[in-house]
Amino acid sequence: MLTKTFVLQCPVGLHARPASILISEAEKFKSDISIKYNSKEVSLKSIIGVMTLGIKTNESFELIVQGEDEEQAMARLEIFFNEEIKDL
């Protein structure tokens, strides 16, 4: 199991568009991937779950990845959160 803390750098928070792109990325992996924010943990493969978190810009959250391709999944999602989400 891999865990990592991120700070959301999307200027408009984790709203519908970045959330849907994020879920599309997560669904490419077999591993279980979840996101934890304010003591609530949801599957990163569920748009409803992710949207209910309401993560705003500059707030921190934890990503938890467990499974056979966890290293590849974490590496890909790290690029998404550290580089790509800024432009959405």
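What follows is calculated from the coordinates using simple rules that are stated; it is not laboratory data. Just so it is clear, the model here is predicted, and its values are computed rather than measured. So basically every Cβ, Gly included, is an ideal-geometry build from the backbone, and we count neighbours across all protein chains shown.
Quick notes
- Residues being among the hydrophobic types (A, V, I, L, M, F, W, C), buried (at least 18 other Cβ atoms within 10 Å of the Cβ) and closer than 14 Å to LEU14 by Cα - total across the stretch 24-60: 5
- The set of residues from the stretch 5-41 being at negative phi, without any contact (Cβ under 8 Å) to a residue 60 or more places away in the chain and either part of a helix (DSSP H, G or I) or of a type in the set (S, T, N, Q) (or both) comprises THR5, ALA16, ALA19, SER20, ILE23, SER24, GLU25, ALA26, SER31, SER34.
- Enumeration of residues in the stretch 49-74 that are more than 14 Å from LEU22 (Cβ to Cβ), of a type outside the set (Ser, Thr, Tyr) and in contact (Cβ under 8 Å) with a residue 40 or more places away in the chain: GLY54, LYS56, ASN58, GLU59, GLU62, ILE64, GLN66, ASP69, GLU70, GLU71, GLN72
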